[in-house]
Amino acid sequence: MTSRLNRNTAAITAAVALAACAPRTRRTPDDTLVVLVETAPKTSDPRSTINSFDQKLSRLVCPGLTVLDTPDMAPAYGLAEAIEQVDPLTWDVTVRADVRFSDNTPVTADDVAWTYESAMADSKTWSERFASFDRLDARRVRFHLKAPLSTIMTDLDMGIAAHHGANARGKFDGNRALCAGPYRVDRISADRVLLSANPYYYGPAPLTPRIDIKVVRDAAARIVMLAGGSADLVQNSIRPDLVDDVLARPRLREQRGPSNVLSYLMFNTRDPIVKDVRVRRALALAIDRRALVAKKFAGRAVLATGLLPPGHWAYRAAAPMLERDLVAAGKLLDEAGYPDPDGPGGRPRLSLVYKTSSDQFRLAVARVIAAQLGDLDIDVEVRPFEFGTFFADIKKGAFQIATMQTAEIIEPDMFFPYFHSTRIPDVGHPDDTNRWRYVNPTIDRLLEAGRAEPDRDRRIDVYAEVQRILSIDLPIVPLWHEDNVAIVNRDVTGFEILPNARWSGFAKVRKR
């Protein structure tokens, strides 16, 4: 495996060098934004998105009743004209009169109800939250909840698709949902997605008529295409340690902004060693996160205090920032029964296995963290795995410590799937996300209260208390929120980077 990783690094280094010598021209059409991605979007149907690229595509072409593409991630009105609470379990939503699908038919109450009804059949999230939907008239839908729900404005972000555009099985031909966004999907294939402007879009017309999303899985090839002028934009698809080298190309420039994705170190709280909170805190205090951000990310990341990033509407720093303190860490290991047997550099206090993905950059970061833990005389064996194998082990609980990233954290209710005891994979659904097997009845009660609390300020207080407790228990160590980084051709202007890295900013792009 090491030789293969070395070959990959050599190929990328050669690509960067080649890009520096490439002609300074743009070879993309003036009326088309050419975007490179490393993973193929498989569908634009908002009811069946699987990966983050599916979701980015679906939200671009299929806006919801509300939209979350805002700097502080607070929901704003999208296709909805009005959203009114009737009682704690009932909400009425009125669709805007001017919204039309890309075939020039109006968006109706039936389209809204059908979208959610069909999504409920395959989604644990929706079936837990919604009971039924009434079509009050052509534009009004009544949402019936199973319990009071503070996340309703966020939940209305799901994209709305046209009922009449689906076949008898409720599917869309070619996975191309008929929707009401600024663009419509012309083609989805394994290596390309082609979009064109929706002539009936209710908002400002897109400034670039077409988008060509090319799937380029090889990192070196993405660099060569971008720097050589065969692409206009890449977002979060260049290794962080190579960004500055790529930017040496005069034709390119950087755009970056804060992200709502958290990188974290996780502990298996059922493991005989790391189930002790003193061990977990000692490991947290051994990590020099500031040095890692400076050296590995060239400063393109913000140190994390918890799940929510600074800038989120619900963010409150509920605990002091974790700083490296080897003396305090050593004392905690002594108290936990792991004294240094023979002084620095001798036999280890304890041994741990650290699992990570085999991605070259993530592996390099893991090795730095392991070396920092080694300063406590802890023997850390880093084991990289292909992501599918790695993720399967994490879900099964077959790990001691590991590093991962969250999905985009939009809603503070995300604390619930990550930390509620009913979300442990081997208790409920195998895809549940409390992978550290954390159980705390107080946290459970707070998370249930936060989910039902209608007052925004009181919700913020609830989640601040959740974060305070988690900063003591440390089932995970929040590391950093990596910046969203886009590298664009200098002819491209107007692109807006959002914390959730969605693609709605494509509609504002102009090419000179």
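The values are calculated or read from the model by the stated rules, or taken from the named source; none is laboratory data. Everything numeric here is computed off the predicted structure, so don't read it as measured data. Ideal geometry is used to build each Cβ from the backbone, glycine not excepted, and the neighbour counts take in all protein chains shown.
Residues are listed down the side, and each one gets a yes or a no for (1) buried (at least 19 other Cβ atoms within 10 Å of the Cβ); (2) part of a helix (DSSP H, G or I); (3) in contact with a Cys (Cβ under 8 Å, 6 or more places away or on another chain):
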| residue | (1), (2), (3) |
| --- | --- |
| Leu178 | yes, no, no |
| Ala190 | no, no, no |
| Leu194 | no, no, no |
| Tyr201 | yes, no, no |
| Pro206 | yes, no, no |
| Ala220 | yes, yes, no |
| Ile223 | yes, yes, no |
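The residue of segment 345-388 that is modelled with the lowest pLDDT, among those that are of a type in the set (Gly, Ala, Ser) and within 23 Å of Leu326 (Cα to Cα), is Gly345.
Yes/no matrix, rows are residues, columns are (1) within 30 Å of Asp232 (Cα to Cα); (2) over 19 Å from the mean Cα position of the chain (by Cα); (3) modelled with pLDDT of 95 or more:
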| site | (1), (2), (3) |
| --- | --- |
| Ala402 | no, no, yes |
| Ile410 | yes, no, no |
| Gly428 | no, yes, no |
| Thr433 | no, no, no |
| Tyr438 | no, yes, yes |
| Thr442 | no, yes, yes |
| Asp461 | no, yes, yes |
| Val485 | yes, no, yes |
| Asn500 | yes, no, no |
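Would you check if Pro182 is farther than 13 Å from Thr115 by Cα, of a type outside the set (Gly, Ala, Ser), touching a helix residue (DSSP H, G or I) at 6+ places or on another chain (Cβ under 7 Å) and at pLDDT 95 or above? Judged against the criteria, Pro182 is a match. Within segment 401-442, the set of residues being part of a loop (DSSP other than H, G, I, E, B), of a type in the set (D, E, K, R) and over 22 Å from Thr70 (Cβ atoms) comprises Asp426, Asp431, Asp432, Arg435, Arg437. Taking into account only those residues within segment 137-150 that are charged (D, E, K, R) and more than 19 Å from Asp87 (Cα to Cα), which is surrounded by the fewest Cβ atoms within 10 Å (Cβ to Cβ)? Here the residue is Asp137. Counting the residues of segment 456-486 that are farther than 24 Å from Arg502 by Cβ and touching an Asp or Glu at 6+ places or on another chain (Cβ under 7 Å) gives 1. If you take the residues in segment 293-332 that are over 22 Å from the mean Cα position of the chain (by Cα) and part of a loop (DSSP other than H, G, I, E, B), which one is modelled with the lowest pLDDT? Checked segment 293-332; the qualifying residue modelled with the lowest pLDDT is Ala318.
Could you tell me whether any residue of segment 216-231 is closer than 30 Å to Leu65 by Cα and not assigned by TED's automatic domain parsing to the domain that holds Val477? No, segment 216-231 contains no residue that is closer than 30 Å to Leu65 by Cα and not assigned by TED's automatic domain parsing to the domain that holds Val477. Scanning segment 433-455 for residues that are in contact (Cβ under 8 Å) with a residue 60 or more places away in the chain and touching a Phe, Trp or Tyr at 6+ places or on another chain (Cβ under 8 Å) yields a count of 4.
For segment 112-136, a residue qualifies if it is buried (at least 19 other Cβ atoms within 10 Å of the Cβ) and among the aromatic types (Phe, Trp, Tyr), and the qualifying residues are Trp114, Tyr116, Phe130, Phe133.
Here Ala398 passes the criteria (1) surrounded by fewer than 15 Cβ atoms within 10 Å (Cβ to Cβ); (2) within 28 Å of Val67 (Cα to Cα); (3) modelled with pLDDT of 95 or more except the one numbered (2).
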